[in-house]
Every structure is written in C-alpha cells, then in structure tokens.
Amino acid sequence: MVGANPKFQIADRASRATSPVVSRRALPLRWHWGALAALFVPLSFMLIQCGKAPSAEMLAANTEGAKSRTAKSQTSIVTFDDRFPQPQFADRFPTANESLPQVQRQVALAPQPRAVRTEPVRVASLTPTLTLPRTEREEATTLVSMKSSAFPYFGTNPRSEEPFLNISKGDRKGHRSYGGRVYWQDETYNDSRVLVHVPETFDVRKPGVIVVFFHGNGATLERDVRDRQLVPQQISDSGVNAVLLAPQLAVNAADSSAGKFWQPGGFKRFIDESASHLARLYGDPKSEQAFANLPIVIVGYSGGFLPTAWSLEVGGVPNRVRGVFLLDAVYGELDKFASWIEKNRTGFFVSSYTRYTKRHDQELMQMLRDRGITVTESMDGPLRPGSVVFVKTPDGVTHRDYVTQAWTEHPVKDVLVKMAVTPALTRVAGAPYANR
C-alpha cells in the first residue's frame, strides 16, 4: 500500500506471534483497551504516511521512467532540419553518365521575377498585424545558358586553321590540347552557361560597367569563380556600379581554348545576347537597351588570356571596352595586347604578374615603350584614360590564389575602386532609360 510504514507492520506481526492464544472474554478490561490501541495506532500512521511527499527512491524511479519516455518520444520527433535540409549548390556539369535535359536550359532563360519582401504594418492598436507587399530588388547571382558563350564550338582553331575537334573515337569527338592531352567535347566543351551577377546596389540609371571575367585552367563557374575566387563578391564589395558576366570555358581542364571568342564578332554577339538576361535579372525588362550600351571591363586570369586577347583583336566592340585587367595572364598573344593598348588610349590596361609570367610581362613593357607609350609599375593612385600599369607581386604569392591575393587582397575589387574614381571611364548606360 502506498504510504504504508513497514516498521509498524513488522512490529504488529511480531506481537501476535509471541502472545498466547486466549479467549476474548477471559481478558481483563485493560487488555481490551490495549487491543483497540494496537488496532488504531498503525491505522493512524498509515493515514499520515499517505500525505507525505514521495521518498527519494520513488523520485529516482519516476525520473528514470520519465527520461526513458522522453528519450523514446524524442526519437520519434521529426525536426524541421530533418524535413527541410539545407540545400547544397553542387557543380552541375554533367558527367559521362548524366545528361543535361533541354528543359533545364529553358528554365535558366526564363525571366527572373522581381523579388518581393514583406514587412508588418500596424494599422490600428487593437487590430491584428497585416502583411503588405513592398517591392525591393535584391542581389542576384545565377547561371544562364547563352548561345553565344564560348562552347559548344564546332569551328576551326585560327592558329592552325584546322578543326578544333580534331580527335574522334566512335561517335565521340574531342580536342587534343597543346599539351597533348585529349579532352572530349561532351565532357569539356559542352557547357554554354554564364555566371551572371547583379549587385543589390546596382542602378542602371547611373554610370556603370559590365565586367567580363575569363577564368583560368582547371576551373568551373560555381566551385572556382563564385566560391573560391569570390569574383561576384568582390564586385559587390567594391561598391562600384558594375555587373558580372563570366562564361564557362573548358570545364575543369588544362586548356585555354577561346571557342566562339575566336570568331570575328564573337565577343560582340556575346555582349549583345547578355543584355536581355541582365535586364531580366535586374528585374526590369525595359532596361535591356541600357545594358546594351554599358562600357566593358575585361578581366583575364591565367589561361583566360587567350579569350581576352582574341576578344580585343576580333571581338567587334573596341569602343565599349574601357579597361583590361590581366591577373598573372601574359602567357602569349603579346602583339594583340600591344595593338589594343596603342589604338585605345581612352581605356586603361593593368597587368599584375608573378615570376611565372615575369618574362612575358617585361617583353610587353618593352614593346609598349618602343611605341612611345608610357608605362608605370605602381598601383598607387586612380586609373585614368590611357593608364598602362604593370605590377610585380612579391615572392610567396601563389598563382592559384591570385584572384583573391595579388599585390593586394581582392585585386578585382581594388581595380574597380580605382577605376570608379575617374568618371571618364564610365558613362550613363542609356539616355532614354536614364532620363525616365
């Protein structure tokens, strides 16, 4: 019985065992009172014990039981993270066992709706809070498939005038690089995506630029350009009124082929097609004409020198390119860089280099000096029309990390900031839109 005191039960049984068996009538009166006391005293203690708090042993037992029940119930609870795990943005270029359905490319081309935020508005002290829409443009970064991007490419290599895809194995076609390695078209030269970035603060009605970034060898847009080299972030952090276009070149391969940028007018077709995608991502399709007139800054890193050089030589938009920035990228095509610098004295040219490209950079500097062009070797001060700057970086700076650590941390950001000091290097995007 709950609350019973076992000591009194033991004492009662002991007294009954040792007492002689006698008749009730033979007992004296005092024995009657003793018998009654023996009956009621234990009963009273039992009633008192019922009102006492549980013992430590009972609490311990209940606690262990509660823990057990709680543990069982917790194992059956499905948390929010279990139901809705954090999304992972993995590289999505297809492997040999995968395919890239056309419908995915169509989705990438679909118009991007303007972001809508909501904020609570108190309409009265005694009424509930209403949620009313408030339109506001947010920073946007996405991948868009573009027909005019570098690849796929089925033309010729202008250096050899031979087909670019010069290797075949059954139905597969591939390209043998200058290093002798074979890369297959369906794995390496079949990605037409472009990384497009529009910062939250970008205003198409103000002077601005389009930054075109040509990545180096062994790279993908997501893993390297966006996440490791932080190119979109550097543009946003600069505070400059700029947007980004970064086409995928050879996918994760030691190859610098320029693809469609080898073709005359190829760079112009790429810039023209990008205007509609930038306008959609910006959130106003009417701004397409403004994007079609923005000046351009080309940034080439490492193997990106090849599409940079050919875009300057045959790209078809010489008047719109206001600046060229090479990041340890002068591996060749010196004549094309020197020719553009000589013919475009309204733009700037910056080449920062390590010991790997030092010889070619010094050769290019001498070519320019021989043509009467002033060359400086310091990044102090703003960039102006006609600035030609070569910057040697100290030993210890690695080529792999050069996009985030050159002569300074985040060099893309630094060049944009220095460029923005000179209004002559940018202009209002489009008069009809800017005057609205």
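Once you have a ≥ b ≥ c as the square roots of the Cα gyration tensor eigenvalues for the stretch 174-318, tell me rounded if a/c is under 1.5, and otherwise prolate or oblate according to whether a/b is larger than b/c. Walk me through the numbers before you get to the answer.
Details: a/c = 2.10, a/b = 1.63, b/c = 1.29.
Prolate, since a/c reaches 1.5 and a/b exceeds b/c.
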Legend entry - Proximal charge balance of Ala246 [Cβ under 14 Å; K/R count +1, D/E count -1]: 0
Legend entry - Cut-off 13 Å between beta-carbons: net charge of the residues surrounding Gly381, Lys and Arg +1, Asp and Glu -1: -1
Inset, instruction - Name the long-range amide H neighbours of Ala219: under 5 Å, sequence gap of 5 or more, or other chain; modelled H, no Pro or chain starts. - result: Asn252, Ala253
Legend entry - Zero-based 5 Å bins, Cα pair distances in the stretch 274-333, whole percents: 4, 18, 21, 17, 17, 13, 7, 2, 0
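Given a cut-off of 18 Å, what percent of all Cα-Cα pairs of the stretch 183-232 lie beyond it?
Result for the distance tail: 44 percent.
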Inset, instruction - Just add up the charged neighbours of Tyr331: K/R +1, D/E -1, any other residue whose Cβ is under 15 Å from the Cβ of Tyr331. - result: -1
Inset, instruction - Return the Cα extents of the stretch 228-287 along principal axes one, two and three, sorted largest first, each rounded to a whole Å. - result: 35, 29, 16
Legend entry - Mean-position separation - Cα centroids, the stretch 364-409 and the stretch 140-198, in angstrom: 31 Å
Inset, instruction - Could you run the Debye sum over the Cα atoms of the stretch 313-393, one equal point scatterer each and no solvent, and tell me log10 of I(q)/I(0) at q = 0.26, 0.27 Å⁻¹, two decimals? - result: -1.46, -1.54
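Each reported figure results from applying straightforward, stated rules to the coordinates on display, with no laboratory input. Here the structure is a predicted model, which means the values were calculated and not measured. Quick reminder, even Gly has a Cβ in these numbers, built from the backbone with ideal geometry, and neighbours come from all protein chains shown.
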